[in-house]
C-alpha cells in the first residue's frame, strides 16, 4: 500500500492490510491506524494499471448475477503480495488523515503541510521553553477529532473556528497557533480545552458533539471534501456536519454486496469468455467465422483442459444472450437464482459442489432438506460507503453513498472468497402454521422498520425466525467447529414482497469463506454430513437459547438494538460480529425460535426444544 502526503510528495509504503479487509473493515474511505501513520485508504483510480509484476486484467473477477445487480461490467481484486518476498502494492493509495496533528508534549495542533519535507520524521518543530527554545521534538500523532456529513464527506476538525466561535482571531492572524489540553488532571472529553495562543480565547470540546454545534447563522458549512480521493478533491454540499472521534464506528460503513458463483455462470468456460468478451465483440462485425477463429486462437489456447472449443462456443452464446438483455436484476432475482441451485442438492460445477444430506430426525417436521455445499465461491464487492448511518441497501440515486473513484469506473473492487457451507431448507407448511400462531407479534417491529432508514423487502415473521435461527446456529457452530463466529456468515433466503422475483423462498445458508486459495478446513462439511452430530449441535443451540444472562428483561423486551429493531436479542444471546450478519444485527427475536416457558408455540422450534430437552427447559 502506498501513502501520499500531497501531489509533490513521493509515495512510500506505509503498511499492509489483507485483501478482504480492503473490501470491508479497512475499505476505501476508511481511517486506518498504522505503526507510524494514521491514513485514509485512497480511491481505486490506479487499480486498473499494469506494473512490472502483472497485467491488471489478470485480477478481473466475474459473477453474472452480481454484475447485473450492480451494473458493473466486471470486478477487480486488489493486488496481493503473492509469493514475492517484501513485495508492496503501490496501486492502493492512502493519504495522511487527519491532516491536523497533535503533539502530546507541547500540546500544539500542527497541520501536516507545515512539516514540509520533514513529514517523515513525525517530530514537533515548535520551540520548547524547557529546552531553551529548541524544537520540542515530540512525536506527532493524528488529531482525535474530525467532521463528517451524511453525504460521506469528511474533513479535519476546525480548531481555530471552534475556539473563536466562528469569528476571526482578534490578533488578525489568519492561522493562529492553537493548543489543546486537559484541565484538572483529567483525561475525559469534558475536561478537554482548546486555546488560541494569540488571543488567549478558550473553549471546551464537550459541546462539539452537540446535535446543532455546527449549524445556525454562524455555522460551519460542509466543505464537500472526500479525502480518500486526494487532498484537493471537493464538491458542493449543503448538509450539516457533525463532530466525531476518528475511531468512532459511525465514521465508516462499507456498502457491500455479494453473490454466490453458481452454474452456469461459475463454469470456467463462461468466465474465460467473460474475460475476453470486449475483444470478441470487436470481431463480431466481421462475422461468425471471425468470432469462432478468435475464440479458437485467443481464448482456447489460454484455458486448461478439459475445456473444449465447443464448451467455449456454448459459453459465448450464453454470455452474448445475457449481455443483449437490458433487464437489470433485482436483489430478489439474485437470491432466487441462488436458492434454486441450493435446493437442487447434488450439483457439481467448477466453482460449486453440493450434495444432499440426511435431515436430523428430531427436526424433520421443520426442515425439508439439508444440503452440504462442499465447494463454495463468493464474490464480495464494495459499491461505496456511508458515514454517520449504515448503508440502507439502495444503490440508485443514493446521495449518501460516497464514490470510490474520481472518475466513475465500469468495474467495482471485489474479492473472491472460497469456502464451504450448510444450507437448510425449511418446511413451508411448518413456517405458515407458526406464522398463524404468532399472528401480529411483529407488527411493532414492522412499524419501527418502516420509520427507520433501513429497507428490507423480505421482512416477515418467517424472516425474523430464520434470521434468528441463523444467528443462534452460527454461535453454536463457532463453539463446536472451532471457527470464530466472525469467520462464519449467513444468507437468509426469504420471499421478497417487492421487485420482480415471485419465488417463494424459505432457507438459510451458513457458510465459511476465506480469500486463501486453499479454502476452508471442512469443519462445516463434517458436521453437516453426520445427522447425529448436526442434531447434537442443534440441540445445544436450543439449550443455550433458552436462557440469557439478560433475562427476564431480554426475553420480554420488544424494543432492543439499533432503532429498536430487535425484540429478545442482545449481545449475550443472539447478536453476532457485524461481518457475520447480513442485516446489521437487527430484525431478531430469540422467542421466535424457542418460544417461552408459558407458550412454546411462539417459537418455531419451541416444541422440538421441549421434546429434546425435557425437564431442562425453564
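The values are calculated or read from the model by the stated rules, or taken from the named source; none is laboratory data. Just so it is clear, the model here is predicted, and its values are computed rather than measured. Ideal geometry is used to build each Cβ from the backbone, glycine not excepted, and the neighbour counts take in all protein chains shown.
Report, by residue number, each residue of the stretch 331-357 that is more than 23 Å from residue 271 (Cα to Cα) and in contact with a strand residue (DSSP E or B) (Cβ under 7 Å, 6 or more places away or on another chain).
Hits for the stretch 331-357 are 343, 345, 355, 356, 357.
Are any residues in the stretch 546-576 closer than 21 Å to residue 486 by Cα, touching a strand residue (DSSP E or B) at 6+ places or on another chain (Cβ under 9 Å) and assigned to a loop (DSSP other than H, G, I, E, B), and if so, which ones?
Scanning the stretch 546-576 gives 561, 569, 570, 574, 575, 576.
For the stretch 205-239, enumerate the residues that are at positive phi and surrounded by fewer than 14 Cβ atoms within 10 Å (Cβ to Cβ).
Listed by number, the list holds a single entry, 216.
Quick check on the stretch 48-65: of everything there that is touching a helix residue (DSSP H, G or I) at 6+ places or on another chain (Cβ under 7 Å) and surrounded by 13 or more Cβ atoms within 10 Å (Cβ to Cβ), which residue is modelled with the lowest pLDDT?
Here the residue is 48.
Just checking: which of the helices (runs of 4 or more DSSP H) contained wholly in the stretch 366-483 hold 1 or more residues that are farther than 18 Å from residue 561 by Cβ and at pLDDT 95 or above?
428-438, 461-481
Given the criteria in a loop (DSSP other than H, G, I, E, B), at pLDDT 95 or above and over 19 Å from residue 508 (Cα atoms), does residue 597 qualify?
Criteria not met by residue 597.
Assuming residue 323 fulfils every condition listed in (1) in contact with a strand residue (DSSP E or B) (Cβ under 8 Å, 6 or more places away or on another chain); (2) not in a strand (DSSP E or B) apart from one, which condition is it?
Of (1) in contact with a strand residue (DSSP E or B) (Cβ under 8 Å, 6 or more places away or on another chain); (2) not in a strand (DSSP E or B), only one is false for residue 323: (1).
Out of the residues in the stretch 2-40 meeting the condition of being touching a helix residue (DSSP H, G or I) at 6+ places or on another chain (Cβ under 9 Å) and part of a loop (DSSP other than H, G, I, E, B), tell me which one is modelled with the lowest pLDDT.
5
For the stretch 150-158, does any single residue satisfy the condition of being modelled with pLDDT of 90 or more, under 23 Å from residue 202 (Cα atoms) and not in a strand (DSSP E or B)?
Yes, the stretch 150-158 contains at least one residue that is modelled with pLDDT of 90 or more, under 23 Å from residue 202 (Cα atoms) and not in a strand (DSSP E or B).
Is it true that residue 531 is within 20 Å of residue 420 (Cα to Cα) and modelled with pLDDT of 95 or more?
Answer is yes for this residue.
Could you please tell me which pairs satisfy a Cβ distance under 9 Å, a separation of 6+ or placement on different chains, a first residue in the stretch 537-548 that is within 12 Å of residue 614 (Cβ to Cβ), and a second residue that is at pLDDT 95 or above and surrounded by fewer than 19 Cβ atoms within 10 Å (Cβ to Cβ)?
These pairs meet every condition: 539/362.
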